[in-house]
Amino acid sequence: MTDLANDQMNEQMAERLAIRELIENWVLWRDAGDWDRFRDVWHPKGRMMATWFQGSGEEFIRVSREGFERGVRILHFLGGSTIEVRGSRATAQTKMTISQRGPVEGVECDVVCTGRFYDFLEKHEGRWTIVLRQPVYEKDRLDPVGMGPGPTLDPELVAAFPEGYRHLAYLQTRIGYRVKPDMPGLTGPEVEALYALGAAWLDGSDFPDTSTL
């Protein structure tokens with residue numbers, strides 16, 4: 001391998017490591033309520049798409065902080081990543097779980113949702129930042145926290161949401177959130193549209209059009 005090829009490989013590896021660190025910081029700082037440092041992960045035009053919130057990174061910080069102070073706990077755990085870098089832009093997919101605890105029909109329950117973070121990234125002022133975070137919701141489950149019987153769910157409300165996050169949506173709806181009913185899942189037109197948007201971002205398209213998600 002030539003010195004030039006070696007240098008290029010090392011540069012690509014350094015960029016991927018910096019992006020992975022950014023993704024890990026998002027989870028650690030948000031879940032710990034470290035809001036000042038959490039602000040650093042976002043591009044100035046950054047946007048967050050989640051079941052219960054769709055809007056700017058700054059607004060996401062505000063509503064997350066308000067929920068945290070009320071006792072809402074939405075926690076995250078990360079798995080492996082695949083990262084594609086093209087110049088000052090990148091996309092990353094990272095396996096993750098989302099867990100939330102709350103009352104469901106009078107029973108304290110845990111919901112665990114498995115999926116991926118799909119991130120659109122750009123270098124801003126010399127460092128990687130998140131332009132858009134769109135989770136992909138693959139499957140979830142709901143379990144009572146205690147040893148007693150589980151809650152009796154409203155079948156119409158369960159069926160109102162996609163399979164990948166229907167129990168998470170159920171809990172969030174019951175505690176007062178308005179949940180988006182058409183987020184990307186493991187398969188389907190929503191996730192295909194997300195993949196197309198990611199490819200266009202790497203090819204130099206304008207800011208991702210979240211109205212298609």
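No value in this document is a laboratory result; all are computed from the given coordinates. Owing to the predicted nature of the structure, the values given are computational and were not obtained by experimental measurement. Every residue, glycine among them, receives a Cβ derived from its backbone with ideal geometry; neighbour counts consider all protein chains shown.
Structure notes:
- Residue-by-residue Karplus 3J(HN,Hα) for region 159-172, coefficients 6.51, -1.76, 1.60, Hz, glycine and proline x: 6, 6, 10, x, 4, x, 9, 5, 6, 4, 5, 4, 4, 5
- Stretching Arg37 away from Glu192 to a fully extended chain increases their span by 52.5 nm, per 0.36 nm per residue minus the current alpha-carbon distance.
- Met13-Asn25 pseudo-label distance in nm [points 7 Å out on the Cα-to-Cβ vector]: 2.2 nm
- Largest-first ellipsoid semi-axes for the chain, taking √(5λ) over the Cα gyration tensor eigenvalues, angstrom: 33, 18, 16
- For a straight C-alpha distance cut-off of 17 angstrom, the aspartates and glutamates reachable from Lys139 (same-chain residues fewer than eight places away being disregarded) are Asp110, Glu163, Asp182, Glu190.
- Rough spin-label spacing in nm, given labels placed 7 Å along Cα→Cβ, for Asp154 and Lys180: 2.3 nm
- Normalising the average separation of contacting C-alpha pairs (under 8 angstrom, six or more residues apart) by the number of residues puts the relative contact order of the chain at 17 percent.
- For the pair Ala200 and Arg73, a Förster radius of 35 Å applied to the C-beta separation gives a FRET efficiency near 0.45, rounded to the nearest 0.05.
- The angle between the Cα long axis of helix 57-69 and the longest principal axis of the Cα atoms of the chain comes to about 40 degrees, rounded to the nearest 10.
- Put a plus charge on the Cβ of each Lys and Arg, a minus charge on the Cβ of each Asp and Glu, and nothing anywhere else: the dipole of the chain about its Cα centre is then about 340 debye.
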